[in-house]
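This report concerns only the one structure given below.
Nothing in this text is a laboratory measurement; each read-out follows from the coordinates by a stated rule. All figures in this text were calculated on a predicted structure; none of them were measured in a lab. Reconstructed Cβ throughout: ideal geometry from the backbone, glycine too, with neighbour counts over all protein chains shown.
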Amino acid sequence: MYKIAILLGSVREGRQSQKAAYYINNELDKYENVEVKFVDLFQLNIPMFSKQLKPGDEPEGKLKEYSDILRESDSIIIVTPEYKGGYPAVLKNALDHVRDEMFFKPVAVASISSGGFGGSSVLTQLRVVLLHMGALPIPARLPVSYVQDVFGEEGQLLNESYKDSTDTFIKRLLWFTEAIAEKKKQDNNN
Ligand SMILES: Cc1cc2nc3c(=O)[nH]c(=O)nc-3n(C[C@H](O)[C@H](O)[C@H](O)COP(=O)(O)O)c2cc1C
């Protein structure tokens, strides 16, 4: 069983990105060897980063819940809107709270836009941040344009052209998830 965390980086009133995240979650649920944990930064409402924990220190409360989900995951999908050509502050805040939790883990980015460019700028910027964290952003991406026309409220697919791209996105992430998780197991057994 592989554990995949979905990290939703949109907290805006009237947000749209959660619809893409729900669709990805629903598609992942079809895999019997995958367990999904959904991290909605709006619901979790973690504090603004103000203190770097020392090695060995345990985070508390909501931060612990968040940290544990990422720590236990084999890989992570970040679903993020593009704001002003970059990532939302709430997502960067969430990433600033963690370090080891994401180290050497495959991360796939779904970039969400209400316009026609599929959030290509946030994808580029977020990958740089992830590399600085020692995470492994994978080559596969899921750029979503005109998100409001692509998914329904519960993540139903309204535009069939996103079926294949989402399937490929998930399959490629699973490839990296399995490869890295198995290598880590081998290393631990030696
Ligand atoms: C503050 C702000 C800045 C935005 N900047 C961009 C942008 O640079 N590029 C873009 O494609 N969409 C931009 N958008 C529109 C988002 O693509 C749109 O809100 C979309 O629905 C995804 O974000 P959401 O989860 O907040 O709904 C912006 C939206 C907001 C609220």
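Figures for the structure shown
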| quantity | calculated |
| --- | --- |
| Residue list for segment 1-36, restricted to those being closer than 24 Å to D96 by Cβ and basic (K, R) | K3, R12, R15 |
| Selection count where residues are near the ligand (Cβ under 10 Å from one of its atoms), under 13 Å from the mean Cα position of the chain (by Cα) and in a loop (DSSP other than H, G, I, E, B), scope segment 73-83 | 0 |
| Filter result for the condition that a residue is of a type outside the set (D, E) and loosely packed, with under 13 Cβ neighbours inside 10 Å, over K84, K92 | K84 |
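One line per residue, one yes/no per condition, for (1) among the acidic types (D, E); (2) exposed (fewer than 14 other Cβ atoms within 10 Å of the Cβ); (3) outside any helix (DSSP H, G or I):
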site	(1), (2), (3)
E13	yes, yes, yes
Y22	no, no, no
Y31	no, no, yes
E58	yes, yes, yes
K64	no, yes, no
